[in-house]
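See below for the structure under consideration.
Here, each number is a calculation from the coordinates, and none is a lab measurement. As the structure is a computational prediction, the values presented were derived from the model and not from experiment. Cβ: placed from backbone, ideal geometry, glycine included. Neighbour counts: every protein chain shown.
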Amino acid sequence: MQSPHFLPVDDDMQSNVIAGEHEAKQSDGYQWTALSVTTVGALLASIQGSALLIALPNIMAELQASFLSIMWILLGYLLILTVFTPIVGRLADMWGRKRLYNSGFLIFTLGSLISGLAQPQFHGADLILGRVVQGLGAALLVMNSTITATQCAVVARQFISALYNLLWLDSLVLLSPKCELQAVFLRK
């Protein structure tokens with residue numbers, strides 16, 4: 001005699017329950033992997049905005065670059081990043097965020113290679129080109145990392161948004177040697 005409260009469990013029903021639990025664990029693991037990878041991409045892009053400030057005198061001397069070239073080395077990256085961020089957002093809607101994010105890493109790496117191989121006979125022009133390519137890769141990374149991270153963890157959207165804002169603020173404040181905010185935070 002069977003109780004009406006307990007139904008017999010067959011093998012198909014049990015395998016469906018196990019498969020559902022496995023998919024939930026796999027999905028949860030994917031969300032944290034996506035969050036980790038996208039955070040690294042956003043961190044790379046934000047650090048690169050002010051990373052050259054310390055080395056500017058050496059770059060100017062070694063590459064025999066003019067002051068105008070040095071300004072374009074700094075501003076070229078930030079200008080391209082700013083201009084292409086909304087465009088990349090629209091392209092991500094059309095072509096897919098994952099594809100554009102991965103291509104952003106590739107373009108950012110290519111720009112870093114071009115920048116690293118800068119030669120004095122070009123007087124900084126090749127470094128400017130490398131920084132512009134890095135800016136394009138950074139636009140792909142920043143826009144898609146923010147969107148991907150917030151979509152992966154639907155429950156923790158406010159936490160992730162605050163984390164990204166804190167990441168940008170920390171990188172800009174702490175890595176910029178001439179920043180007025182840094183002087184305020186570090187004042188004795």
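Please specify each residue of the range 91-124 satisfying the condition of being over 17 Å from the mean Cα position of the chain (by Cα) and part of a helix (DSSP H, G or I).
Step one: list which residues in the range 91-124 are over 17 Å from the mean Cα position of the chain (by Cα), which gives 93-95, 113-124.
Result: ASP93, MET94, TRP95, LEU113, ILE114, SER115, GLY116, PRO120, GLN121, PHE122.
Got at least one residue in the range 54-68 being surrounded by 16 or more Cβ atoms within 10 Å (Cβ to Cβ) and touching a Leu at 6+ places or on another chain (Cβ under 6 Å)?
no
Name the one entry in ILE73, ILE54 that is within 16 Å of SER112 (Cα to Cα) and β-branched (Val, Ile, Thr). Even if it seems obvious, please write down each step before you answer.
Numbers: ILE54 fails: within 16 Å of SER112 (Cα to Cα).
Within the list ILE73, ILE54, the selection yields ILE73.
Out of all the residues in the range 90-104, which are surrounded by fewer than 18 Cβ atoms within 10 Å (Cβ to Cβ), in contact (Cβ under 8 Å) with a residue 12 or more places away in the chain and under 15 Å from LEU136 (Cβ atoms)?
Selection gives SER103 alone.
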